[in-house]
1. Tell me, yes or no, whether segment 117-133 has at least one residue that is surrounded by fewer than 12 Cβ atoms within 10 Å (Cβ to Cβ) and either of a type outside the set (Val, Ile, Thr) or part of a strand (DSSP E or B) (or both).
2. Scan segment 44-103 for residues that are closer than 18 Å to Ala157 by Cβ and among the acidic types (Asp, Glu) and jot them down.
3. Please go through segment 35-57 and pick out each residue that is touching an Asp or Glu at 6+ places or on another chain (Cβ under 9 Å), outside any loop (DSSP other than H, G, I, E, B) and surrounded by 17 or more Cβ atoms within 10 Å (Cβ to Cβ).
4. Condition first: touching a Ser or Thr at 6+ places or on another chain (Cβ under 9 Å), part of a helix (DSSP H, G or I) and of a type outside the set (Val, Ile, Thr). Now tell me which residues in segment 16-34 satisfy that.
5. Which one of these is closer than 17 Å to Ala125 by Cα, touching a strand residue (DSSP E or B) at 6+ places or on another chain (Cβ under 9 Å) and not β-branched (Val, Ile, Thr): Asp74, Asp67?
6. Scan segment 2-12 and give yes if some residue there is surrounded by 20 or more Cβ atoms within 10 Å (Cβ to Cβ), in contact with a Leu (Cβ under 8 Å, 6 or more places away or on another chain) and in a helix (DSSP H, G or I), otherwise no.
7. How many of the residues making up segment 23-40 are in contact (Cβ under 8 Å) with a residue 12 or more places away in the chain, over 17 Å from His75 (Cα atoms) and either among the small types (Gly, Ala, Ser) or in contact with a helix residue (DSSP H, G or I) (Cβ under 6 Å, 6 or more places away or on another chain) (or both)?
Amino acid sequence: MGRDKALVVVDGVAMGARMVDTLRLAGCDPVVLVGGEPGLLHGLGAAVVADMAPGEGPLGGVVTALDGFAPIADHVIVVSCDMPFLTAADLAPLVARAEVAGVDVVVGRSSRQQPLCAVWSTGAAGRVRAAFESGTRSILGVIDELETEDVRVSMQAVRNINTLDDLDQ
């Protein structure tokens, strides 16, 4: 898109701010944005931490989140800011399943797995980091090596805004 997607406005609200609100409504505390320019993202209502591997794709952000929260949480919800229609109600079944399933990651699934709509066990942090450090950049590739469970989410909930055409629609 040529700019930070977290700052793209959908229905009058920046996508990053929408996701911060969604995560808070889902019970997340704290909510942390990983990556991006902290000075620009400061106004979205959450702390911003540097991605451990900027420019290396979203798996680096997942590793950053897992490593950052491993000392204080059993699970981390990882969602992409470019899904502005995702709601706390959409996340609730993933969170509920993660609390009892005992798997490494509970992944939202519409017509396919949505790895940036998932609840990750911080117990998997070392294995995810090791895969990343060995050169893996595919989140789906890492998920294939972990114990996972899929939970159904609607296509609308995980609809991405990746281009200006997506934004216009």
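1. Checking segment 117-133: at least one residue is surrounded by fewer than 12 Cβ atoms within 10 Å (Cβ to Cβ) and either of a type outside the set (Val, Ile, Thr) or part of a strand (DSSP E or B) (or both).
2. Asp82, Asp90
3. Result: Leu41, Val48.
4. Met19, Leu25
5. Every option except Asp74 fails the conditions.
6. Yes, there is a match, as at least one residue in segment 2-12 is surrounded by 20 or more Cβ atoms within 10 Å (Cβ to Cβ), in contact with a Leu (Cβ under 8 Å, 6 or more places away or on another chain) and in a helix (DSSP H, G or I).
7. Looking only at that region, the number is 2.
Readers should treat all values here as calculations from the given coordinates under stated rules, not as data from a laboratory. As the structure is a computational prediction, the values presented were derived from the model and not from experiment. All Cβ positions, glycine included, derive from the backbone under ideal geometry; neighbour counts span all protein chains shown.
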